[in-house]
There are 2 protein chains.
Amino acid sequence: MSLSKRIPMFVLRLLALGASVSATLIMLTSHDTAQVFNIKFEAKYSNSPTFKYFVLINAIASGYTFILMFFPSKSSYGHLILVLDLIMGLLLDSSVSACIAIGQLGKKGNNHAGWLPICGQVPKFCDHITGALVSGFVAAIIYFFILLYSIYNLFTLKA
Amino acid sequence: MSLSKRIPMFVLRLLALGASVSATLIMLTSHDTAQVFNIKFEAKYSNSPTFKYFVLINAIASGYTFILMFFPSKSSYGHLILVLDLIMGLLLDSSVSACIAIGQLGKKGNNHAGWLPICGQVPKFCDHITGALVSGFVAAIIYFFILLYSIYNLFTLKA
């Protein structure tokens, strides 16, 4: 890959790294306590398997993106990196989508299932989760652009 | 694209079509009622925005896949179709991931948030949801293979 093509890719990876590191840290530090009917109620990310999955995937994405930023871009690895990028993009998409579904439930509840909203009791926790989801969503979108840019480069190489 | 490359792609799309149509229909017909403390309790897919999103995405995937099966494979559309396939794959991944998060909650509940499991009350509903999620997961996996196959074809074309 030529230098003129490496620089936009480096910038995209740097942005993705920033977003996934932010998502991981904001989710890890989400914490709030509330007192309901004398029962102390503690909200933290590790109470939900979905939020734990989010932290895991965003931590993996951070490490992967960091390594790829300094990876020598030999064309022989091009197809492997494209497939790995695709898998990373799908995993980020999956973790954000799952957390948005749970976050929506925390905010609105579901009266059909008898699940009450919890954001009124633990607003600080919900703000953190929202921040983490925005960062994770940005990371997933940047991976979409990384994939588009790789596909574009393949086609211009061919033409 | 040559005929020897078109046939595997046609088969992949046929499988994806079967999976996404099944996912849509199984989710649409998921329904059960229960009586808890003399209150009639009705479970259907439209009670959850996440399940509605799942139906929408799988219906779109069914229509898109059907059209693509009979689309003339001119190479000038190749890059557009690859990008559309990527978007479809990401949307399917997103809808399945979100529903797995909600389904896990329906099965296990979350005692930290005070959300009780509901599958004990409406087992028929939960079985349908499980079936829909398996079909949706299969559709997402097949789209991953469609993307891999397209990328593979691009590289062999180039070499």
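Our estimate of slack between A:Gln35 and A:Leu14, defined as 0.36 nm per intervening residue step minus the Cα-Cα distance, is 3.4 nm. Whole angstrom only: what separates the Cα centroid of the stretch B:97-159 from the Cα centroid of the stretch A:29-43? The stretch B:97-159 and the stretch A:29-43 have Cα centres separated by 31 Å. Lacking any other cysteine beta-carbon closer than 4.7 Å, the following Cys residues of chain B have no compatible partner: B:Cys99. Counting, for every residue in B:37-45, the Cβ atoms of other protein chains within 10 Å of its Cβ and taking the mean gives 1.
Each of A:Arg13, B:Arg6 was scored by other Cβ atoms within 10 Å of its Cβ. Arranged with the fewest first, they read B:Arg6, A:Arg13.
A Förster distance of 45 Å, applied to the separation of the beta-carbon atoms of B:His112 and B:Ser2, puts the FRET efficiency at 0.20. Of the residues A:Ile102, A:Ile87, B:Ile39, the one with the fewest other Cβ atoms within 10 Å heads the list, and the complete ranking is B:Ile39, A:Ile87, A:Ile102. Here is how far apart the A:Phe37 label points are across copies: 1.0 nm, shortest first, using a point 7 Å from Cα toward Cβ. Label-point distances for A:Val83 to the equivalent site in the other copies, using a point 7 angstrom along Cα→C-beta, read 2.5 nm when ranked shortest first.
The fewest-to-most ranking of B:Asp93, B:Asp85 by surrounding Cβ atoms within 10 Å reads B:Asp85, B:Asp93. Model label points for B:Ile60 and B:Val134, set 7 angstrom from Cα along the Cα-to-Cβ axis, are 2.7 nm apart. If a/c stays under 1.5 just call it rounded; otherwise compare a/b with b/c (prolate if a/b is bigger, oblate if not). Do that for chain A, with a ≥ b ≥ c from the square roots of the Cα gyration tensor eigenvalues. Because a/c hits 1.5 or more and a/b exceeds b/c, chain A counts as prolate.
Every number in this text was worked out from the coordinates using simple rules, so none of it is lab data. Since the model is a prediction, treat every value here as computed from it, not as a measurement. Because the Cβ atoms are built from the backbone with ideal geometry, glycine has one as well, and the counts that use them run over all protein chains shown.
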